[in-house]
Amino acid sequence: MWWNKAQMTQPIEDYALIGDLMTSGLVGRDGSLDWLCLPRFDSGACFAKLLGDEENGHWRIAPLGAADDERCTRWAYVDGSLVLESYWETDTGAVKVIDFMPQRDVAPDVIRIVEGISGRVRMGSTLRLRFDYGHIVPWVRRSNGDRVAIAGPDSVWFRSEPPVRTWGEENSTRSQFPVTEGQRVAFVLTWHPSHEPRPEPVDPYDALEQSIADWREWTAQCRYEGPYREAVTRSLITLKALTYAPTGGIAAAATTSLPEEIGGVRNWDYRYCWLRDSTLTLDSLLATGFLEEARAWRSWLLRAVAGDPADLQIMYGLGGERRIPESELPWLSGYAGSAPARVGNAAADQLQLDVYGEVIDSLYLARSAGLPSEHHAWRIQIALLDFLERNWQRPDEGLWEVRGPRRHFVHSKVMAWVAADRAVRTLEGDPSLDGDVERFRAMRQAVHRDVCENGFDAERGTFTQYYGSRELDAATLLIPRVGFLPPDDPRVIGTVDAVRAELGSSGLVRRYSTEGAPVDGLPGDEGAFLACSFWLVDALHMTGREKDARDLFERLLAVRNDVGLLAEEYDPVAGRQLGNYPQAFSHIGLVNSALTLGGSG
């Protein structure tokens, strides 16, 4: 019974993120590391309890006697870092557990340090490794006092410093040990390919100091000094943590298959890089001073989209990989019983015409911000524009990756206008570039006229989701942001008011209606979409409703958990976060809305 399963499952917001800029894990308030993919974000998980149960792999460190569902007393990140400290207060004393992943040179390490604060506390560790998303039980043996677990291509070494006694029990590795005030015990878990020799062990205490220093050195580059700086900084750290350092690609989230509705089937894999995130991501990075990250993301973008414009995908792998086949993992029951659990994403094969506009807008933004130009970037843009000029009139699956029939989505057409508009602006600013500016002016005018004639409901005074529809779409809130119409245009104001009224959910905003026969072709419901709610903040601000914008922004800040993280969606009735977590799109929205309210957006 899924409801009973849901009661046993930690809320999504009861997890915190750790990572090393190549992969990440989620640590629960109960001290259990329930999600960890090694060696990359999109690799198979060796801890998959998040999508199943304890038998699918986890690693819990907590005071002995703590119930399975007992939570730490409080937790927080070390200021300016991704190093997590969880505090436990017991009848015999207090203790903290420090969780982090040092930025790696060779192999990924997960380090967990137990430190006594007062009194004497007996601690327990239960390590249950399961490779391939909880499917494979490894063979575990001792080697010079350490433990090594091997199955197929995966090998994990497990050690403690100072050494504590461990034993095998029920296909897990257990240990118990006391800590007193000032005493520290560190555990290190290291992955490497099973055919290669063991990497040189790291010193966990040196790694802790270095990790804090690395993060603080990076955070110090932030030049944003406006309102809500703490929230902006934490969101930027989260975006950095979702970055795959070798390529500069930014994963949309750290997880797969966290549901948009508890018990529902809207469960997707978000551990890939979406092109549509590109403009908003670049905007936030450039505005806050992270030029190196902006350059790396721009370079990833150019590599990913290179090739035949007709084959442009909406998402790619962390290195720009094109094949992301979708499949289900039947041995996992799903988060809180929300099956199926999926890996890969079939939406990669969809036609979503808006991404052409987002790519061209991103490259225009990078040029305008003064990033050093790439000699081939303009040629790629011209190729994309040539394709879009011939194809913008086609129906597509749209921004929300619907799995129903293709439609003439208004947002897709607006972004085709953006592509033509940015081409015109680029050529006007640099006449030495090859390109027929009159041709793109004509395209821009044709798209604009088509959208205003077919995508606007004059009776209700609002843009609709797609041509001929009465349904609304929160993506139309972006119309003034991208410059399609000025903020004071009555059609913009009418659209903002209509979306707010008809898609509102306890003050937040849903993407679109899921009632009746939803456009996405899927059963069930979903929560308020947090990125769209930040778009409403921006739209309210742009249309002169400053107090409403600020009130909504502060309402959204309250949705964050107590370590500052946001998922994809939020259920205002149950007061729970929903969807993959933490979600880059939500944190990008937070940063950009703060910049807008602070006068920098």
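The values are calculated or read from the model by the stated rules, or taken from the named source; none is laboratory data. These numbers come from a predicted model, not from an experiment. Cβ placement follows ideal geometry from the backbone for every residue including glycine, while neighbour counts extend to all protein chains displayed.
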Checklist line | Residue selected from segment 25-62 under the condition part of a strand (DSSP E or B) and aromatic (Phe, Trp, Tyr), by the criterion farthest from ALA149 (Cα to Cα) | finding: TRP35
Check: Looking only at residues in segment 446-485 that are part of a loop (DSSP other than H, G, I, E, B) and among the hydrophobic types (A, V, I, L, M, F, W, C), which one is surrounded by the most Cβ atoms within 10 Å (Cβ to Cβ)?
Finding: LEU472
Note to self: Against the conditions (1) of a type in the set (A, V, I, L, M, F, W, C); (2) in contact with a strand residue (DSSP E or B) (Cβ under 8 Å, 6 or more places away or on another chain); (3) at pLDDT below 90, where does LEU318 fall short? Just the number, please.
What the structure shows: (3)
Next item on the list: Restricting attention to segment 193-213, report how many residues are over 14 Å from PRO102 (Cα atoms) and touching a strand residue (DSSP E or B) at 6+ places or on another chain (Cβ under 9 Å).
Entry: 6
Notebook entry, point to check: Restricting attention to segment 558-601, and to residues there that are outside any loop (DSSP other than H, G, I, E, B) and aromatic (Phe, Trp, Tyr), which single residue is nearest to PRO227 (Cα to Cα)?
Noted result: PHE585
Next item on the list: Only residues in segment 180-194 that are more than 17 Å from SER43 (Cα to Cα) count as the first member; pair them with residues that are hydroxyl-bearing (Ser, Thr, Tyr), Cβ under 7 angstrom, at least 6 apart or cross-chain, and list the lot.
Entry: GLU181/SER118; VAL185/SER160; ALA186/SER160; ALA186/TYR205; PHE187/SER125; PHE187/SER160
Next item on the list: Check whether at least one residue in segment 392-410 is buried (at least 17 other Cβ atoms within 10 Å of the Cβ) and in a helix (DSSP H, G or I), and report yes or no.
Entry: yes
Next item on the list: Can you run down the residue pairs with Cβ atoms below 6 Å, 6 or more apart or on separate chains, where the first is in segment 250-276 and closer than 15 Å to GLY320 by Cβ and the partner is of a type in the set (Lys, Arg)?
Entry: ALA251/ARG271
Next item on the list: Name the single residue, out of those in segment 75-103 being out of contact with any Lys or Arg (no Cβ under 7 Å at 6 or more places or on another chain) and under 21 Å from GLY57 (Cβ atoms), that is surrounded by the most Cβ atoms within 10 Å (Cβ to Cβ).
Entry: PHE100
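Rundown of residues vs (1) part of a loop (DSSP other than H, G, I, E, B); (2) over 29 Å from PHE534 (Cβ atoms), yes/no style:
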| position | (1), (2) |
| --- | --- |
| SER160 | no, yes |
| TRP167 | no, yes |
| PRO178 | no, yes |
| LEU208 | no, yes |
| TRP215 | no, no |
| GLN221 | yes, no |
| PRO227 | yes, no |
| LEU236 | no, no |
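Per-residue answers, yes or no, for (1) assigned by TED's automatic domain parsing to the domain that holds ASN580; (2) among the acidic types (Asp, Glu):
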| residue | (1), (2) |
| --- | --- |
| GLY152 | no, no |
| GLU181 | no, yes |
| ALA186 | no, no |
| PRO197 | no, no |
| PRO201 | no, no |
| TYR224 | no, no |
| LEU236 | yes, no |
| THR247 | yes, no |
Next item on the list: Have a look at ARG276, ARG323, ARG342, ARG303 and point out the one that is among the charged types (D, E, K, R), touching a strand residue (DSSP E or B) at 6+ places or on another chain (Cβ under 7 Å) and not assigned by TED's automatic domain parsing to the domain that holds CYS37.
Entry: ARG342
Next item on the list: Kindly list the number of the only condition in (1) touching a residue at least 24 places away in the same chain (Cβ under 8 Å); (2) under 19 Å from ILE150 (Cβ atoms) that fails for PRO197.
Entry: (1)
Next item on the list: Go through ASP396, ASP434, ASP386 for me and flag whichever is acidic (Asp, Glu), in contact (Cβ under 8 Å) with a residue 40 or more places away in the chain and either closer than 20 Å to PRO486 by Cα or touching a strand residue (DSSP E or B) at 6+ places or on another chain (Cβ under 9 Å) (or both).
Entry: ASP396
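Can you name the residue in segment 1-24 that is in a helix (DSSP H, G or I) and at pLDDT below 95 and is also nearest to the chain's Cα centre (by Cα) among such residues?
If we take residues in segment 1-24 being in a helix (DSSP H, G or I) and at pLDDT below 95, then ALA6 is nearest to the chain's Cα centre (by Cα).
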Notebook entry, point to check: What number goes with the only condition from (1) over 32 Å from the mean Cα position of the chain (by Cα); (2) over 19 Å from VAL355 (Cα atoms) that LEU472 does not pass?
Noted result: (1)
Notebook entry, point to check: Being crowded, with 23+ Cβ neighbours inside 10 Å and hydroxyl-bearing (Ser, Thr, Tyr), is that true of even one residue in segment 283-295?
Noted result: yes
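Here's a check for you: in segment 29-38, which residue that is of a type outside the set (Asp, Glu) and under 18 Å from the mean Cα position of the chain (by Cα) is surrounded by the most Cβ atoms within 10 Å (Cβ to Cβ)? Write out each step before concluding.
Start the filter on segment 29-38 by keeping residues that are of a type outside the set (Asp, Glu), which leaves 29, 31-33, 35-38.
Those still in the list that are under 18 Å from the mean Cα position of the chain (by Cα) too: 35-38.
Numbers: TRP35: 27, LEU36: 29, CYS37: 23, LEU38: 23.
Top of the filtered list is LEU36.
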Notebook entry, point to check: Looking at segment 396-447, which of its residues are of a type in the set (Phe, Trp, Tyr) and modelled with pLDDT under 95?
Noted result: TRP400
Check: Looking at VAL232, is it buried (at least 21 other Cβ atoms within 10 Å of the Cβ), more than 30 Å from GLY334 (Cβ to Cβ) and of a type in the set (A, V, I, L, M, F, W, C)?
Finding: yes
Notebook entry, point to check: Which of (1) over 30 Å from PRO246 (Cα atoms); (2) of a type in the set (A, V, I, L, M, F, W, C); (3) part of a loop (DSSP other than H, G, I, E, B); (4) in contact (Cβ under 8 Å) with a residue 24 or more places away in the chain does ALA67 not meet, given it meets every other one?
Noted result: (4)
Item checked: Residue that is surrounded by the fewest Cβ atoms within 10 Å (Cβ to Cβ) [pool: residues in segment 165-186 that are at pLDDT below 95 and closer than 24 Å to LEU208 by Cα] -> ARG165
